[in-house]
Amino acid sequence: MTRSEAELDSIHDRWIRDRNRGRDDQEDQESWVDEQCGGCRFWIPLAGRVGNDYGACSNARSPFDGRVRFEHDGCDVFVDAGRWVTPEDIA
């Protein structure tokens, strides 16, 4: 099933509100810019276009384990994967 752009935008609008880290405080952003979900060892990107922005956390130590997260979000138990993980990496 193909989802419309409007439907994908609606999903993004709902899910983006669940971020752990805000983007308003520039000082806060600087402290975690290298520790974002998309670069975490425990990041599992979703398939398709949604997977370009969202994935599941699989870190048992994280309060977000098993939850869909925004790729640029993060948490205090980030583990560096050494690179950004994309849906194509798990295909």
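The table below lists the values:
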read-out	value
Count of segment 59-91 residues which are closer than 21 Å to R17 by Cα and open to solvent by 50 Å² or more (accessible area, probe 1.4 Å)	7
Residues that are under 18 Å from L46 (Cβ atoms) and either of a type in the set (A, V, I, L, M, F, W, C) or in contact with a helix residue (DSSP H, G or I) (Cβ under 7 Å, 6 or more places away or on another chain) (or both), drawn from segment 60-71	F64, V68, R69, F70, E71
Selection count, segment 37-62, where residues are free of Cβ contacts under 8 Å to residues at least 24 places away in the same chain and touching a Cys at 6+ places or on another chain (Cβ under 8 Å)	3
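The values are calculated or read from the model by the stated rules, or taken from the named source; none is laboratory data. Computed from a prediction, not measured in an experiment: that's the story for all the values here. Counting neighbours? That spans all protein chains shown, and the Cβs are built from the backbone with ideal geometry, glycine included. What goes into the accessible areas is simple: the full protein's heavy atoms, side chains included, and nothing from ligands, DNA or RNA. Shrake-Rupley method; radii C 1.70, N 1.55, O 1.52, S 1.80 Å.
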